[in-house]
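What follows is calculated from the coordinates using simple rules that are stated; it is not laboratory data. None of the values given here were measured: they were computed from a predicted structure. Don't worry about glycine lacking a Cβ; one is built from the backbone with ideal geometry, like all the others, and counts go over all protein chains shown.
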């Protein structure tokens, strides 16, 4: 089945230790998104790629970066995780069909910072 | 700032009852979508309603959209325990051409068996 896959599902890292979360998709969608979601809150968009074009949200900290080496894969790098970065990180994709589109989400990676 | 606000924040009903969740937003939109999220999981798309539509149905789901009031409602009929989840509305603002959705704060629905 076509899907969005996130690895790992659970990630524990130490304060200040760089961590990379990965997302892959078999949907061949041209848009990929990274969201941060804290407990009982709405998903917060960090950035998205339209093909290889990177679009950063104005309030995304510099500590967060992303790479998209090809259509299928996208990575979220947290250079120096702080305790406040503990959250669920959601990857999503969508296909540009004009203006009407839905997003397909992966299961998320829950990040713990110790 | 957050585009969508949802009401109520939490809802507890008995199995078989109907559940109604409301969403309000601030700017003009191209479409409004509803998503469901089970605890600890990703979001699942439920339904999309375009700005020129007023009502849409999908199985036990009924969505209405009132663009004059900038509001939408999601009705789940004959609820089941398996409907227990958080429900989020998400809007695609008209003025923003960067393929983004703005998510509301969500309604946590508990359906008691």
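Just a few scattered comments:
- Cα centroids of the range A:20-49 and the range B:60-100: 20 Å apart.
- Principal axis box of the range B:1-49, alpha-carbon based, largest edge first, Å: 36, 21, 21
- For the range B:5-112, the share of DSSP beta bridges that are antiparallel, to the nearest 5, is 90%.
- The calculated pair-distance distribution of the range A:23-114 uses every alpha carbon pair, bins of 10 angstrom beginning at 0, and gives 16, 51, 28, 4, 0 percent.
- Once the Cα gyration tensor of the protein assembly as shown is diagonalised, semi-axes √(5λ) in Å: 29, 21, 16
- Ranked by the mean number of other Cβ atoms within 10 Å of their residues, highest first, the peptides B:49-58, A:85-94 fall in the order A:85-94, B:49-58.
- Candidates B:27, B:64, B:91: whichever shows maximal mean-square fluctuation once chain B is modelled as a Gaussian network with Cα springs under 10 Å: B:27
- The eigenvalues of the Cα gyration tensor, multiplied by 5 and square-rooted, give the range B:5-112 an equivalent ellipsoid with semi-axes of 23, 14, 12 Å from largest to smallest.
- Estimated inter-spin distance, residue B:75 and residue A:77, nm [label 7 Å along Cα→Cβ]: 5.1
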